[in-house]
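Values in this text are rule-based calculations from the coordinates and carry no lab data. Everything quoted here is computed from the prediction, not taken from an experiment. Counting neighbours? That spans all protein chains shown, and the Cβs are built from the backbone with ideal geometry, glycine included.
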Amino acid sequence: MSADYRMAGRARLAVVAAALALAGVAAGSAPAPVAAQVRLGGQISYANDVLGGTIGIGPRAEFGIPAFPVRLAASADYFFPNCHQCRYWETNVNALVSLPLLPIPFFRYVGGGWHLQSIRANPFEDATRSRGFNAVGGLGSGNTSVEVRYEIVKDVDDQFVVSFAIFFL
């Protein structure tokens, strides 16, 4: 492994650490609404880089304690790339920290977490699975949220993913 590659990996990790540190500063802020203890639903996502950009769908769950400003969010997406025999899916687990209230009717959050993705561009080869980290930011209200996630993945191009979630429970 070259020194440049290790340095780039450390720089990426520093970005995630800075995002989490910023989230820690906001830890004294107001938590998400009380109704957000357990939220289950689905999401539609757009990944901008893998296989030329693609849309995916999947389940999403969020767990939190009303008096504590940190929630845990887990999601999985199956994407539908333009190439006929390509396959791409990903899972994410993120810690989300509520940001201070501003005079708008949404709760805001930042956070970070873990990412796993599987890409198979050719049906005659095994899928490439990669792990990495996420830096996350989003807005939410009652039963919806919009989230931007920057995925930092080893051996694969980093990418932005935008998700829109609707919670049923």
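Alpha carbon centre of segment 40-72 versus segment 110-169: separation in Å?
Here the answer is 7 Å between Cα centres.
Rounded to two decimals, what is Rg over Rh for segment 65-164 when you use alpha-carbon atoms and the Kirkwood radius?
Ratio value, two decimals: 1.06.
Modelling each spin label as a point 7 Å along the Cα-to-Cβ direction, I'd like the Tyr46/His84 distance in nm, to one decimal.
Those two pseudo-labels are separated by 2.7 nm.
In terms of modelled amide H atoms, which long-range or inter-chain residues lie less than 5 Å from the amide H of Asp158?
The list, which skips near neighbours in sequence, is Val153.
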